[in-house]
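First the structure, in the form of structure tokens, and then the observations on it.
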Amino acid sequence: MTDAIMNSKPDTAEIRRPSPGGERLKKRYAAERRFRLYGLCSILAAGLMLVFLVGSIVGTGWSAFLQTYVKLSITFDAEYLDPAGTGDPAQLQNADYGGLMKKNLRDNFPEVTGRSDKRKLYNFVSPNAGYVLRDMVIADPALVGKTLDLWVKASDDIDMLTKGYVDRTEAEDNRRVSNAELAWYDKLDNADRVETRFNTDFFVNADSREPEEAGILGAVTGSLLTLLITLLLSFPVGVMAAIYLEEFAPKNRWTDLIEVNINNLAAVPSIVFGLLGLAMFLNFFGFPRSAPLVGGMVLALMTLPTIIIAARSALKAVPPSIREAALGLGASPLQVVTHHVLPLAMPGILTGTIIGMAQALGETAPLLMIGMIAFIVDIPGGFTDPATVLPVQIYLWADSPERAFVERTSAAIMVLLAFLIFMNFVAVLLRRKFERRW
Amino acid sequence: MLKNSLLKAIPLALAGVVAVAAAAEARDQIRIVGSSTVFPFSTSVAETFGKTSGFKTPVVESTGSGGGLKLFCSGVGVQHPDITNASRRIKASEVETCAKNGVADVIEIKIGFDGIVIGNDKGAASFDLTKKQLFLALAAEVPVDGKIVKNPYNTWSDIDSSLPNQPIEVLGPPPTSGTRDAFVELVMREGAEEFPELKAMAKSDKKGFRKISDSMREDGKFIEAGENDNLIVQKLQANPNAMGIFGFSFLDQNSDKIKGANVLGVEPTFENIASGDYSVSRSLYFYVKKAHIGVVPGIEEYLAEFTSDKAIGDEGYLTDKGLIPLPAADRAKFREAATNKTNLVM
Amino acid sequence: MNSFFLLLVVIGLSVAGYAAGRARSVLAASGDVRILHSLPSYYGMFVALGCGLPAILLLALWLIIQPQIVEHMVMAGLDPSIMPQNADEYSLMLTDIRNLASGNAVSREASPAIMAAMERYQSLQSVGFWTMGAAVVCIALLGLVWARSQVSRSFRARNVVENIIRVLLIVCSMIAILTTVGIVLSLIFESLRFFARVPFFEFLFGIHWSPQTAIRAEQVGASGSFGAVPLFAGTMLITLIAMLVAGPIGLLSAIYMAEYANPKFRAIAKPMLEILAGIPTVVYGFFAALTVAPLIRGWGESIGLDVASESALAAGVVMGIMIIPFVSSLSDDVINSVPQSLRDGSYGLGATKSETIRHVIIPAALPGIVGAFLLAVSRAIGETMIVVMAAGLAANLTANPLEAVTTVTVQIVTLLVGDQEFDSAKTLAAFALGLVLFFVTLGLNVIALRVVRKYREKYD
């Protein structure tokens, strides 16, 4: 019916009637339903990909939140720790704890004799177990000479075995864990001396070369410091630039140029910002390498356009009537902006800023260029301390040969995703809470 | 409100001043840059050093050997790194650049070997290759019946009927990588020299010979696959027809998934590489700026830790990470160089 | 840290100036602030700015200039016997003197002449610092006194302060321009050095990319050519595949969300799509290399196609997934901003919803959608980590999506982080590629902006 009117030319006399039984209408409704289905399908397809991606990450990563411990009886042999019996703290500090650990392992498994078997045995627990003993003795020197049953962190290979990543049916050569190690493990397991616990070290340690010791706190701190610099620089500058462009700038070639520039910067490949940071901040200004300060500045330049664009559209959404009312009451243009327009646009600006920050948080490529791809064990304490960030940590772990880093890589991705989702969630809440229809 | 905008400008100025001030300040932490191949070993030593010595844990950056030497050679002073790792020896031109920038005294330490392995999926066919066969499979141009032609081989069995009938597909390092340089030097050149006509050419026309021996084929049979060896390992698993060229430590860690091809009948095992029977291996180095010893605390102790038998000895902890140790005599030599701070001699 | 302390002093003086200016204005109005031209706080701000601004500018200027002068004086006053002969030696000696003065490492044993120079350097430094301190504090005080003397009933403090703030706003908006200039500057010098070795047109139009030049004297490269066309073609191919994935899915999702979905569905679906853009690209890289690539290869083999293990298709599809939200979010906004009256008109004529969308809304929103697509394209071109991990390095000039290709960003990364020497044409090529990338995205953006602006004028 409407088709007939739409399609008919004014000079044609023939009028098309609706087909009998409404066949055309049925067809059109079918097309309507199909079209709607296409839309739904695309959203579902995108959602499915998201679920698949996140699912595969969680599937490989969840086990990194657990860590295997084995219970061994440990003798704090005075011969190793304090042969002279002086109780001198310096002596206790520098004693041979590695040797002590090895001796205790031998005592726990007296059946092990061969040289290569002993070597395997020493790798049964984490190489850092000795340092744990050291810390215990220093905390309580009275331990010297005593024997205790202690839970000791297992090495990465044993950890993989507990988590079922080692196929026992394979030939011995084809697995990372030998038959001898399996036998020791089973002996402990049968005596209830193997346990998996929540891996707190993953959250409180910085990077380490031993997968069972490696944690993300260093990278998370680095990310926070970097983001803080990014926020401090890009938020005020971005908002002020947006205010100028939206509220004060005359429309001329110059402002056009600035606008094209900003839009262009929003799309410049992030790696180019890395090249800029390398050439300008490191080589020209001589800032320290791997510092969150420099990373923050590079990321600030990168997120600045995002914030400016978001802030401009938020300012634009404030209706002119508000400005006119304020002007009418005698406010100066700047007062109009700072007292009325800016507070009203703030939720929109903040949403844009959070999204920009989330982008900066997930960014890797520019930081590769300014030396943040580094192995850093100390948790950074300031803006010029060497630091790395979460995505770079992921990149580094992904390139480590040790098998146990695979699950840790996924776990770190999960943490990063959690941060990103949280930030996006806040942005959405903010948008929803303050969304205003004028 | 007005005051706010003024206050906002202050962090900007502060950040600038703080950074300039910090750049010139003394540093109590060793800074290491350089090769991504040495990175796992260097970080391991750094971590142990940090835990046992009471000094701060050194910061180790992975920049590639070239990038590391560039940073290392850019000058003396705490704003420049103290140590650089390299998966090849420093070049004469780089020594010159160093000297020009005041980095005249450099200590060279060789830490061990890194085997280069040609591997494939555990379930796939096993290979026993000669260097000649590898050259024929991977060079851009090869001699056929005395003439140099574009590489005609598509499957391994085309080269030698004893090899599996499987398409040639090798994932290898890009030309910017030190692993590639080493592979070319140790496999391709030696493979090429097994042809009498090329051997003659090597004597008369070195440049022409190098052009043939050093050029990898570019028709998709040899795939430059980036520096991430872990990714290569996983790509091999996904594709049983593919072979990959990567460092021994990755074979060591993934021995349940991939296997190494024998070269000249020798299996790439720890023992065979250490004894020199497996011939495709290269040396790893690091270089120390002498002027920084005494200024940045802990460099001497770090050197002592790295050159100790506990680290790079036959049963040192670096061997667990896949480093192939030097012969004992060489270790002693470099340990002495470290304690006496002997200058690098080219 | 000394200049930092000085900065704190100046800030303290400014705060005092604020109080003084405010008090003075209240005094001038004899307590009745209504007769003042501006609010008292503006007078305070004026005095604070008058005190702080010139002093901080002077401080900054001094910090930049003083080292140059001091160094020149020290080097000119050197003992003639150790006077450096050339520029390299000069800068080396200067660094040594500077390092000695700050207790830093030096390149060689310091001779007595150098020690003397160092002492001279230190004394000049401290003289300079104290002069600077005095000058800065003087200027700050002078500014304070002068600005305070200006304060009177009729003085237009607000206008002055607002003008200064407006200048600040302009400076902020100029940072975007400065960044662009910085990018171009940081790329152009290295690029010029590259073009001195490789002819410009050979780089831009050569069809053979194989950066295996002789990077050192004893090595001979293979073909050693720097024709970047295969890289551009590879980038285009992957971008095209990505857009074929992201275009339809993104646009249809946007249409569904804008026109069909109820608010509840929309509130869930939109952030969910945006999470796709938030996932770190490293993750996508792994996904592409280890899941999608073998999958495509397996399918290809089962129907008898020869698929490279690092096919452009795998990288392209995954990149497409990543940029879906760019297309959908931007298109969603554009579709939402099509005036309701157009829809109502179309419904009034009896069109169904899908007909309205196809014949009315899409044509009306088309310029905006094109703009969104172009932005997504420039994002795809610049994407690095996915292609680094999944696309490989083989520079094939091909349009077959099942073959391996390489992209500009991949080459930048591999050229810069490799083991080669740093002054080779290879490393420099990375900067030239960066420059090209910058100008390509610039071009795309200018076009996108033009298109979007044309549209905006029509419906605002």
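Yes or no: the stretch B:8-23 includes at least one residue that is modelled with pLDDT of 85 or more, closer than 18 Å to B:Val296 by Cα and either within 7 Å of chain A (Cβ to nearest Cβ) or in contact with a Ser or Thr (Cβ under 7 Å, 6 or more places away or on another chain) (or both).
First pass over the stretch B:8-23, keeping only residues modelled with pLDDT of 85 or more: none.
No: zero hits.
Within the stretch A:123-130, does at least one residue satisfy the condition of being of a type in the set (A, V, I, L, M) and away from every other protein chain (no Cβ under 14 Å)? Checked against the condition, which is being of a type in the set (A, V, I, L, M) and away from every other protein chain (no Cβ under 14 Å), the stretch A:123-130 yields no hits at all.
Can you confirm whether A:Ala90 is assigned to a loop (DSSP other than H, G, I, E, B), over 30 Å from A:Asp192 (Cβ atoms) and of a type in the set (A, V, I, L, M, F, W, C)? First the steps, then the outcome.
Numbers: assigned to a loop (DSSP other than H, G, I, E, B): no; over 30 Å from A:Asp192 (Cβ atoms): yes; of a type in the set (A, V, I, L, M, F, W, C): yes.
Answer is no for this residue.
Can you pull out every residue in the stretch A:115-170 that is part of a helix (DSSP H, G or I) and among the aromatic types (Phe, Trp, Tyr)?
Quick first cut of the stretch A:115-170, residues part of a helix (DSSP H, G or I) only: A:115-122, A:129-139, A:141-143, A:156-162.
Passing the criteria: A:Tyr122, A:Tyr131.
Among the residues of this structure, B:Arg217 does not count as one that is touching a strand residue (DSSP E or B) at 6+ places or on another chain (Cβ under 9 Å), charged (D, E, K, R) and modelled with pLDDT of 85 or more.
C:Ala16 meets all of the listed conditions (1) within 22 Å of C:Leu141 (Cβ to Cβ); (2) more than 10 Å from chain B (Cβ to nearest Cβ); (3) out of contact with any Cys (no Cβ under 9 Å at 6 or more places or on another chain) but one, namely (3).
Quick check: is even one residue across the stretch B:79-98 within 7 Å of chain C (Cβ to nearest Cβ), crowded, with 24+ Cβ neighbours inside 10 Å and more than 19 Å from the chain's Cα centre (by Cα)? So far as the stretch B:79-98 goes, no, none of its residues is within 7 Å of chain C (Cβ to nearest Cβ), crowded, with 24+ Cβ neighbours inside 10 Å and more than 19 Å from the chain's Cα centre (by Cα). Of the helices (runs of 4 or more DSSP H) lying entirely inside the stretch B:228-346, those containing at least 3 residues that are farther than 22 Å from B:Arg180 by Cβ and in contact (Cβ under 8 Å) with a residue 40 or more places away in the chain are B:299-307, B:317-320, B:328-340.
Of all residues being over 25 Å from C:Val452 (Cβ atoms) and crowded, with 20+ Cβ neighbours inside 10 Å in the stretch C:353-377, which is farthest from the other protein chains (Cβ to nearest Cβ)? Just the residue, please. Working first, answer last.
Initially, the stretch C:353-377 is screened for residues over 25 Å from C:Val452 (Cβ atoms), giving C:353-355.
Then drop every residue that is not crowded, with 20+ Cβ neighbours inside 10 Å, which leaves C:354-355.
Working: C:Ser354: 4, C:Glu355: 7 Å.
My answer is C:Glu355.
Pull up the stretch B:117-141, narrow it to residues that are assigned to a strand (DSSP E or B) and within 14 Å of chain C (Cβ to nearest Cβ), then point me to the one that is nearest to B:Leu186 (Cα to Cα). Looking at residues that are assigned to a strand (DSSP E or B) and within 14 Å of chain C (Cβ to nearest Cβ), I get B:Ala139.
Results for (1) away from chain C (no Cβ under 14 Å); (2) of a type in the set (Phe, Trp, Tyr); (3) not in a helix (DSSP H, G or I), shown as yes or no for each residue.
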{"position": "A:Arg24", "(1), (2), (3)": "no, no, no"}
{"position": "A:Ala31", "(1), (2), (3)": "no, no, no"}
{"position": "A:Phe35", "(1), (2), (3)": "no, yes, no"}
{"position": "A:Gly39", "(1), (2), (3)": "no, no, no"}
{"position": "A:Ile43", "(1), (2), (3)": "no, no, no"}
{"position": "A:Val54", "(1), (2), (3)": "no, no, no"}
{"position": "A:Gly61", "(1), (2), (3)": "no, no, no"}
{"position": "A:Glu79", "(1), (2), (3)": "yes, no, no"}
{"position": "A:Gly85", "(1), (2), (3)": "yes, no, yes"}
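Taking the numbered list (1) closer than 30 Å to A:Tyr395 by Cβ; (2) among the hydroxyl-bearing types (Ser, Thr, Tyr); (3) at pLDDT 85 or above in turn, C:Ser329 passes all entries but (3).
Of all residues in the stretch C:72-93, those being crowded, with 18+ Cβ neighbours inside 10 Å and within 14 Å of chain B (Cβ to nearest Cβ) number 2.
Taking (1) touching a Pro at 6+ places or on another chain (Cβ under 8 Å); (2) within 14 Å of chain C (Cβ to nearest Cβ); (3) hydroxyl-bearing (Ser, Thr, Tyr) in turn, B:Ser177 satisfies each apart from (1).
Return the only residue of C:Glu310, C:Glu301 being assigned by TED's automatic domain parsing to the domain that holds C:Ala372, crowded, with 21+ Cβ neighbours inside 10 Å and acidic (Asp, Glu). Exactly one residue qualifies, and that residue is C:Glu310. Taking the conditions exactly as written (within 13 Å of chain B (Cβ to nearest Cβ) and in a helix (DSSP H, G or I)), does C:Ser41 satisfy them or not? Taking the combined requirement at face value, the residue satisfies it.
If you check A:Leu228 against the conditions, is it in a helix (DSSP H, G or I), touching a Phe, Trp or Tyr at 6+ places or on another chain (Cβ under 9 Å) and surrounded by 23 or more Cβ atoms within 10 Å (Cβ to Cβ)? Spelling it out, it is not the case that A:Leu228 is in a helix (DSSP H, G or I), touching a Phe, Trp or Tyr at 6+ places or on another chain (Cβ under 9 Å) and surrounded by 23 or more Cβ atoms within 10 Å (Cβ to Cβ).
Return the only residue of A:Gly371, A:Gly381 being over 17 Å from the mean Cα position of the chain (by Cα), part of a loop (DSSP other than H, G, I, E, B), within 10 Å of chain B (Cβ to nearest Cβ) and not aliphatic (A, V, I, L, M). Even if it seems obvious, please write down each step before you answer.
Values: A:Gly381 fails: within 10 Å of chain B (Cβ to nearest Cβ).
Result of the check over A:Gly371, A:Gly381: A:Gly371.
Determine, yes or no, whether B:Lys333 is more than 13 Å from every other protein chain (Cβ to nearest Cβ) and surrounded by fewer than 23 Cβ atoms within 10 Å (Cβ to Cβ). Give the steps one after another, and end with the answer.
Numbers: more than 13 Å from every other protein chain (Cβ to nearest Cβ): yes; surrounded by fewer than 23 Cβ atoms within 10 Å (Cβ to Cβ): yes.
Here the answer is yes, as B:Lys333 does meet what is asked.
Yes/no matrix, rows are residues, columns are (1) at pLDDT below 90; (2) under 27 Å from C:Asn336 (Cβ atoms); (3) in contact with a helix residue (DSSP H, G or I) (Cβ under 8 Å, 6 or more places away or on another chain); (4) among the aromatic types (Phe, Trp, Tyr):
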{"position": "A:Ser313", "(1), (2), (3), (4)": "yes, yes, yes, no"}
{"position": "A:Ala317", "(1), (2), (3), (4)": "yes, yes, yes, no"}
{"position": "A:Gly330", "(1), (2), (3), (4)": "yes, no, no, no"}
{"position": "A:Ile349", "(1), (2), (3), (4)": "yes, yes, yes, no"}
{"position": "A:Gly356", "(1), (2), (3), (4)": "yes, yes, yes, no"}
{"position": "A:Leu367", "(1), (2), (3), (4)": "yes, no, yes, no"}
{"position": "A:Val389", "(1), (2), (3), (4)": "no, no, yes, no"}
{"position": "A:Pro401", "(1), (2), (3), (4)": "yes, no, yes, no"}
{"position": "A:Phe405", "(1), (2), (3), (4)": "yes, no, yes, yes"}
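Of the residues making up the stretch A:163-195, those that are within 27 Å of the chain's Cα centre (by Cα) and surrounded by 15 or more Cβ atoms within 10 Å (Cβ to Cβ) are A:Lys163, A:Tyr165.
Could you check, for the stretch C:139-156, whether at least one of its residues is under 34 Å from the mean Cα position of the chain (by Cα) and either in a helix (DSSP H, G or I) or free of Cβ contacts under 8 Å to residues at least 24 places away in the same chain (or both)? Even if it seems obvious, please write down each step before you answer.
In the first step, residues of the stretch C:139-156 are kept if they are under 34 Å from the mean Cα position of the chain (by Cα); the result is none.
Checked the stretch C:139-156: no residue is under 34 Å from the mean Cα position of the chain (by Cα) and either in a helix (DSSP H, G or I) or free of Cβ contacts under 8 Å to residues at least 24 places away in the same chain (or both).
For the stretch A:301-308, the condition holds for at least one residue, the condition being that it is within 23 Å of C:Asn163 (Cα to Cα) and in the same structural domain as A:Met423 (by TED's automatic domain parsing).
Inside the stretch B:48-76, can you point out the residues that are away from chain C (no Cβ under 12 Å), buried (at least 24 other Cβ atoms within 10 Å of the Cβ) and without any contact (Cβ under 8 Å) to a residue 40 or more places away in the chain? Scanning the stretch B:48-76 gives B:Val59, B:Val60. Scanning the stretch B:201-244 for residues that are crowded, with 24+ Cβ neighbours inside 10 Å and more than 12 Å from chain C (Cβ to nearest Cβ) yields one hit, B:Asp229. Taken over the stretch A:137-149, residues that are surrounded by fewer than 17 Cβ atoms within 10 Å (Cβ to Cβ) and either polar (S, T, N, Q) or on the phi < 0 side of the Ramachandran plot (or both) amount to 9. Just one of the numbered conditions (1) within 20 Å of A:Cys41 (Cβ to Cβ); (2) more than 9 Å from chain A (Cβ to nearest Cβ); (3) in contact with a Gly (Cβ under 9 Å, 6 or more places away or on another chain) is not true of C:Val307: (1).
The values are calculated or read from the model by the stated rules, or taken from the named source; none is laboratory data. Bear in mind that the values here come from a model prediction, so they are computed numbers and not experimental data. No Cβ is skipped: glycine too gets one built from the backbone with ideal geometry, and neighbour counts run over all protein chains shown.
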